[in-house]
Amino acid sequence: MEKDPAFISMMRDLKTPITMFLMDDDIKSDYAYFKPLQTLGDHIQNHTLHHPVMSHLSLARQKDEVCGAQKSLIEHYGTAPLLFRPPYGRYNKDTEIAVRECGPRAIVWWRENVRLTTLQYQRPDKKLHAGDIILVHFRGPKQLQGATMTEMFARLLRQIEEQGFAVARLEDYIRAPTR
């Protein structure tokens, strides 16, 4: 996982909202890195403790993953995540139960995925559409063929603007269901 201080500076300068689905194994070496992004108004959401394929786990193990991450994120960031993104997008009925019992109120799916320098589209027209959720990982030069997270994200912002769209905070458009 890339934790580039230049990325935080870019986000502060551009005032670009993001939603971060954080996985404890990736962030535990430096929980503090994400606090400046949170201070900018970017929300921290749940992505498990260890990034397993949720649909391969028992309900008890899924609860360990979701509840454990929920507890860690509350402890380190002071706020309870309301959204959950399952690793690899794989989940089942037990995941839905675990999420409901552990605190998040909704499971989120994405539409596009950033791959090095381009967007990987799921629709045949290979274009963004209003409301699309784009999955971006905190990657660094090892995973991005020498590019930094900051460079990759700047390229993504240009691609979004070229298609006539702007970035918006996910939580501004998805309302968690009430209990």
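Computed log10 I(q)/I(0) for the chain at 0.11, 0.12 Å⁻¹: -0.48, -0.57, from the Debye equation with unit scatterers placed on every C-alpha and solvent omitted.
Karplus-derived 3J(HN,Hα) values for the stretch 81-95, using 6.51 cos²θ - 1.76 cosθ + 1.60 with θ = phi - 60°, are x, 9, 10, 10, 10, x, x, 6, x, 9, 7, 9, 4, 5, 5 Hz; glycine and proline are entered as x. Relative to the longest principal axis of the Cα atoms of the chain, the long axis of helix 59-77 lies at roughly 60 degrees. For the residue pairs Lys28/Lys127; Lys28/Lys142; Lys35/Lys71, the alpha carbons lie more than 24 Å apart in Lys28/Lys127. Placing unit charges on each Cβ (+1 for Lys and Arg, -1 for Asp and Glu) gives the stretch 21-177 a dipole about its Cα centre, and among Pro81, Gln159, His137 the Cα reaching farthest toward its positive end belongs to Gln159. A quarter of the convex hull surface defined by the alpha-carbon atoms of the stretch 122-172 gives 4.3 nm² as the mean projection. Averaged over its residues, the stretch 58-138 has an accessible area of 53 Å² per residue, based on protein heavy atoms and a 1.4 Å probe. Computed over the chain, relative contact order equals 23 percent, with contacts defined as Cα pairs under 8 Å that lie 6+ residues apart. When you filter the trypsin sites (Lys or Arg not before Pro) in the stretch 1-91 for DSSP loop state and at most 15 other Cβ atoms inside 10 Å of their Cβ, you are left with Lys15, Lys28, Arg90. In this Cβ point-charge picture (+1 for Lys and Arg, -1 for Asp and Glu), the stretch 14-156 has a dipole of about 400 debye about its Cα centre. Do any trypsin sites (Lys or Arg not before Pro) in the stretch 141-174 lie in a DSSP loop with no more than 15 other beta carbon atoms within 10 Å, and if so, which? In loop regions of the stretch 141-174 (DSSP not H, G, I, E or B), the sparsely surrounded trypsin sites (Lys or Arg not before Pro) are Lys142, Arg169. Between 0 and 90 degrees, rounded to the nearest ten: what's the tilt of helix 149-162 against the longest Cα principal axis of the chain? Approximately 70 degrees, to the nearest 10.
Measuring nothing but protein heavy atoms, the accessible surface of the chain at 1.4 Å probe radius is 51 percent carbon and sulfur.
Helix 5-14 against the longest principal axis of the chain: what's the angle in degrees, Cα atoms only, rounded to the nearest 10? Roughly 70 degrees between the two axes.
The values are calculated or read from the model by the stated rules, or taken from the named source; none is laboratory data. Note that this is a predicted model, so its numbers are computed, not measured. A quick note on method: Cβ atoms are made from the backbone with ideal geometry, for glycine too, and the neighbour counts reach across all protein chains shown. Remember, those area values only see protein heavy atoms, side chains included, never the ligands or the DNA or RNA. Shrake-Rupley method; radii C 1.70, N 1.55, O 1.52, S 1.80 Å.
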